[in-house]
1. Put +1 on the Cβ of each Lys and Arg and -1 on the Cβ of each Asp and Glu in segment 427-538; which of I448, F437, P523 then has its Cα farthest toward the positive end of the dipole?
2. If Lys and Arg each add +1 and Asp and Glu each add -1, what is the summed charge of the other residues whose beta carbon sits under 12 Å from the beta carbon of S170?
3. Can you pull out the GluC sites (Glu not before Pro) in segment 476-535 that DSSP calls coil and that have at most 13 other Cβ atoms within 10 Å?
4. Could you put W339, W459 in order of accessible surface area, largest first, with the 1.4 Å probe and the full protein assembly present?
5. Once you have the Cα-Cα distance between Y444 and A74, take 0.36 nm times their residue separation minus that, and quote the gain in nm to one decimal.
6. With contacts defined as alpha carbon pairs under 8 Å and 6 or more residues apart, what's the relative contact order of the chain in percent?
7. Please find the FRET efficiency linking W339 to K219, where r is the Cβ-Cβ separation and R0 is fixed at 35 Å, and quote it to the nearest 0.05.
8. Determine the relative contact order of segment 116-166: mean sequence separation of Cα pairs under 8 Å and six or more apart, normalised by residue count, in whole percent.
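The values are calculated or read from the model by the stated rules, or taken from the named source; none is laboratory data. This one's a predicted model, so the numbers in the text were calculated from it and none came from an experiment. So basically every Cβ, Gly included, is an ideal-geometry build from the backbone, and we count neighbours across all protein chains shown. For the accessible areas, the whole protein counts, side chains as well, though only heavy atoms, and no ligand, DNA or RNA atoms are used. Shrake-Rupley method; radii C 1.70, N 1.55, O 1.52, S 1.80 Å.
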Amino acid sequence: MRYFSAHINRFISKSIVFFIAVLLCLGFNADAQESVFSLFTKDLDTADDYYVNGNYKSALDLYEVVASKKSAPANIDLRLARCYYFTHDYAKAVTSYEKFMKVEKLSDMDQFYYAEALTATGDYTKSAEVYAMSYAKDSQNEMLAARIWRMNNIAYLFEDSVDNAVRYISLNTPNSELKALPYNDGVVYVSNQQPVSMVQKVDTKTNAPFYHLYYSDTKPDPFSVNALIYDQAESFDSDLNGGFHIGSLDFYNGHSKMVVAMTSKYKNEQDKYPLQLYFAAKKKKRWKVVKPFEHNNNGYSLSEPSISEDGKKLYFSSNLPEGYGGRDIYVSNYKDGAWTAPENLGPAVNTSADEIFPFSGSDQTLYFSSNGHPGLGGSDIFKVELLTDGFGEVENLGYPINSGYDDFAFTIDSLNRHGFLSSNRKNGGLDDDIYEFDMGLQSYPLKIDGVVKFIEHNWMDSTDLKPLPNVQLILIDDNGNNRVTEAISDDNGNFSFTIPFYSKYKIRIVGNDLDGIVSFEVPKYAKTNSTYEIVVVNDDFKKSKEGVK
């Protein structure tokens, strides 16, 4: 579930010309023709109303019906293009815009959307040309200038692609899954998958189930570098899932407390139930809402919270009116028993578009998603260093963390290595999925240097270690006990291996009246120092030739 705002006036054609074919032998009378006409105009009017109210999916369904008729208005492709764009189906948006451009020129706004859609589909050269056309009309627009530079230097975002890995996970469904967070021995995440219930509730705006919390146990995948195996998902807590939407959450205080975005109980003046922030605590194995965030504003949406472990700094996204446009990121601090008034992070982070899903990392880094800062297309994930006097430079995380589609809801562990993100890169549109990722992976083949040493007894001091010269070291893959490579230590015990791929290994050492196995672990992540020391303790060294092929 993403929250994108667009200030677009209702688009109504000044004249619609209908052509009704004469159907012989069918006996259509004037009343029947009027009925067909009324039904057609009703569909178009209803679709326009849906569009104006931001219900792009329902509008699109009706526009597609209208477009299939010969009497469709000339600007139906423009209607379709905008709906495809706002439902994140960028390839179809490009097609519809280009069909409309054969009839009429695009407005400045639609020209920008067309360029954005081209970027999302990977046509960087053409998108740069369209951005340049817009920039020629508005040469003071810094956002356009930044996008042109990015399109002309797109290769920078692919430089570290071999060091990062992104994996689609088994928890995903044909509906949407997003914002996964580690919890106990598994993960908690948000999804609008159809719950198992006698009464099926749906959001009438999207005709889809409401977003609720789910939990899955996890365990390491023995056949992967760092992937997880996910058990069958279950409802996280029925007490929290009893209302309408749950937008996002974050844990703190050792996973005993959370801040969560939930649908307000009260309808606002816009006839909507906006997301607001609430604090919850775990009591006797159940989660209970303790209190609302004291700066909730029912006229606007507050969502996607990220809170520090000590519960004293809270980031969130909102469309509050004092922002820079769309959705902005705000921060509030807990001081003297109360939360300070939310403070907009300012133009270093926020743009006139949307900044969403902030996540506060462990190293004074703030991660967030934006469709305002230039990237690979759609919404990209960025990071910025939190300084005592402001912010560092906003940095795009590049491919494959980002794609041409919408990438958001980024979370990462305290080592800045492993985490989760959400994206619609697989199926497009509103089908968001969770991806597991690793950053800074060790690339293979890997050449390592090491030294093998010998000590007689395990109670002896390390000063008694002596080099073990001229022994054979055989690298064995634990998955199948296959011999991979081998080396001979020199007079000082030094050796080197070239390891072809990541796996679990052991080393068989043969020579100097020794024949046994020692464990050997290769790095999952890149290391600045690849020198290894292997110590053979004679008391513990077991002679064995078994299982070696």
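1. I448
2. Values: positive: R167; negative: E177, D221, D231, D433, E436.
In short, -4.
3. On the way: sites: E486, E521, E533; in loops: E521.
Here the sparse-neighbourhood loop sites are E521.
4. W459, W339
5. On the way: separation 370, 0.36 × 370 = 133.20 nm, distance 5.63 nm.
Between Y444 and A74, full extension yields an extra 127.6 nm.
6. On the way: 1178 pairs, mean separation 58.2, N = 549.
In percent, rounded to a whole number, it is 11.
7. Numbers: r = 38 Å, r/R0 = 1.09.
Given R0 = 35 Å and the Cβ-Cβ separation, E is 0.35.
8. Details: 25 pairs, mean separation 16.2, N = 51.
Answer for segment 116-166 is 32 percent.
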